[in-house]
Every structure is written in structure tokens, then in C-alpha cells.
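Worksheet: the structure to be examined is printed underneath.
The values are calculated or read from the model by the stated rules, or taken from the named source; none is laboratory data. Computed from a prediction, not measured in an experiment: that's the story for all the values here. Glycine gets a Cβ as well: all are built from the backbone with ideal geometry, and neighbour counts include every protein chain shown. Ligands, DNA and RNA are excluded from the accessible area calculation, which covers all protein heavy atoms including side chains. Shrake-Rupley method; radii C 1.70, N 1.55, O 1.52, S 1.80 Å.
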Amino acid sequence: MQDMMLLDKRTADLVREYVPEGDVLESVVLFFSIFADPTRVRMLSALAISEMCVTDLSRVLGINQTTVSHQLRLLKNLGIVKCERHGKIIFYSLVNDLVNDVMLKGVEFLGC
């Protein structure tokens with residue numbers, strides 16, 4: 001018996017065209033992996049409210065400063081947060097409000 005596809009050709013072609021592969025797929029997976037860590041989600045949520053320095057993030061969230069610095073470095077390297085120096089203090093903020101929108105959509109989906 002010959003393999004038969006139940007999808008029509010147009011639908012199959014659309015799936016092949018729009019399902020990400022290669023670099024795009026890797027980028028999407030990497031982007032969504034930032035939400036897989038509770039510490040990062042808490043930090044991103046805080047930064048959606050206000051820019052903050054490492055000390056403030058550490059104190060308000062009750063997280064070790066070393067952990068905060070490590071996560072901020074990762075988020076900065078991924079282009080999720082940016083930093084701006086004000087004198088001796090470096091303040092961090094979200095690069096784009098879309099990151100917060102993604103988190104809020106997740107909360108909305110979950111009905112929380």
C-alpha cells in the first residue's frame with residue numbers, strides 16, 4: 001500500500017513553509033528557554049515594572065547578588081535586557097516590552 005497523506009497539498013505546503021527550521025528554530029527555542037527558569041521569570045517581571053540595579057533586584061526578590069548578576073549577564077547576551085550606567089551604578093531594563101507581553105500571554109493562557 002502506498003503512503004497516503006491525509007492533508008491536502010496546499011495545507012502541507014503551508015506547514016512546510018511556516019514551521020521554523022534551522023537558525024530560526026534554534027532562535028525561537030532559545031528565546032522561549034529564558035522563561036524556563038523561575039529566577040529569570042521573576043527578574044524579568046521585576047524589570048517590566050522598573051529598571052533596577054543588581055543590588056535592588058537582589059534585595060527585592062530575595063536572590064543572591066551573584067545569581068542575579070549571572071542571570072543578567074545571560075539575559076543581556078541574549079538581547080533581552082540592556083544596561084545603562086548612572087555614575088557608578090548600572091541599571092538594567094527590558095530591551096523591549098514584548099518580553100513582558102509574552103509572559104502576560106502565558107499567564108492569561110494558564111488562567112492565573
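In a fully extended conformation the segment linking residue 108 and residue 88 would gain 3.3 nm over its present Cα-Cα distance, using 0.36 nm per residue.
Spin-label pair residue 23-residue 97: with each label point 7 Å from Cα along the Cα-Cβ axis, the two points sit 3.0 nm from one another.
For trypsin sites (Lys or Arg not before Pro), the sites in segment 39-94 that DSSP calls loop and that have at most 12 other Cβ atoms within 10 Å are 88.
Averaging the sequence gap over all C-alpha pairs within less than 8 Å and six or more residues apart, then dividing by the number of residues, gives the chain a relative contact order of 22 percent.
When the charge dipole of the chain is built from unit charges on Cβ atoms (+1 for Lys and Arg, -1 for Asp and Glu) and taken about the Cα centre, the candidate among 110, 35, 63 whose Cα reaches farthest toward its positive end is 63.
Working from Cα pairs under 8 Å separated by at least six residues, relative contact order for segment 42-99 is 38 percent.
Tell me the per residue accessible area of the chain using a 1.4 Å probe; a whole number in Å² is fine.
Values: 8420 Å² over 112 residues.
For the chain, the per-residue accessible area is 75 Å².
Among 20-27, 100-107, sorting by the average number of other beta carbon atoms lying within 10 angstrom of each residue, highest first, gives 100-107, 20-27. Given the choices (i) 13.0, 41; (ii) 13.7, 43; (iii) 19.5, 74, Rg and Dmax of the Cα atoms in Å derived from the coordinates of this structure is entry (iii).
Solvent-accessible area of residue 19, all protein chains in place: 80 Å² (probe radius 1.4 Å, heavy atoms, ligands and nucleic acids excluded).
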